[in-house]
Amino acid sequence: MVKERETADLAAGCFWCVEAVFSRLRGVEKVVPGYTGGSVPNPTYHEVCSGTTGHAEAVRITFDPDAISFAELLEVFWLTHDPSTLNRQGADVGTQYRSAIFYQNESQREIAEKSRREAGEAGLWPDPIVTEIVPAADFYEAEEYHRDYYRLNPHQGYCRLVIDPKIRKLQKEFADKLKAG
């Protein structure tokens with residue numbers, strides 16, 4: 001019997017980076033950038049960037065759990081951003097760039113808690129992990145121009161300086177989990 005598709009909402013800094021990473025994984029069918037975890041309905045990019053809505057830039061990942069598990073997605077999550085910096089990733093600073101896992105159900109919460117504990121014990125970062133693990137909230141899709149940003153703008157400075165190194169790390173650390181081609 002084929003399992004139904006699942007979703008995962010993850011925040012790990014700029015959603016352009018997160019979308020570029022997770023869209024390359026085998027078993028991931030769709031990655032949509034958006035906003036979640038805030039208090040304002042239907043926020044715009046400019047409102048979220050103001051830091052006043054409480055939203056994080058995040059992605060909603062639709063995946064086939066027969067091809068990739070939630071735990072495997074989290075392995076990639078931990079190694080493709082710095083979960084030890086509060087409200088920042090590199091030069092991107094603000095609550096909208098926080099590290100967070102928005103769990104869809106109790107099983108995801110348990111997997112996320114265990115994964116965070118194991119990632120912390122692995123000692124990959126000099127500082128403690130500050131990633132939030134919170135219930136999924138309303139997810140608002142980002143404006144169209146944010147979708148598939150890296151693929152459509154590979155020569156843009158931010159893509160070359162920030163996203164390219166993440167893609168190289170993904171290719172090195174998770175070659176066995178990448179889509180063909």
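Any read-out appearing in this document is the output of simple, stated calculations on the displayed coordinates, not a laboratory observation. Just so we're clear, the structure is a prediction, and the values are computed from it rather than from any experiment. All Cβ positions, glycine included, derive from the backbone under ideal geometry; neighbour counts span all protein chains shown.
The trypsin sites (Lys or Arg not before Pro) of the stretch 120-181 meeting both criteria, a DSSP state outside H, G, I, E and B (loop) and at most 13 other C-beta atoms within 10 angstrom of the site's C-beta, are Lys179. A Cβ-based charge dipole, computed about the Cα centre of the chain with Lys and Arg at +1 and Asp and Glu at -1, lands at about 540 debye.
Calculate the tail of P(r) for the chain: the fraction of all Cα-Cα distances greater than 20 Å, expressed in %. Don't skip to the end; give the middle numbers.
Working: 8219 of 16290 pairs.
Result: 50 percent of Cα pairs exceed 20 Å.
GNM remark for the chain: springs join alpha carbons under 10 Å apart, and the peak mean-square fluctuation among Glu132, Glu121, Glu19 falls on Glu121.
Of the residues Gln156, Leu73, Ile129, the one whose Cα sits farthest towards the positive end of the charge dipole of the stretch 6-175 is Gln156 (charges of +1 on Lys and Arg Cβ, -1 on Asp and Glu Cβ, taken about the Cα centre). Between Gln108, Phe22, Val59, the Cα set farthest toward the positive side of the dipole of the chain (charges on each charged residue's Cβ, about the Cα centre) is that of Phe22.
Each of Phe22, Phe174 was scored by other Cβ atoms within 10 Å of its Cβ. Arranged with the fewest first, they read Phe174, Phe22.
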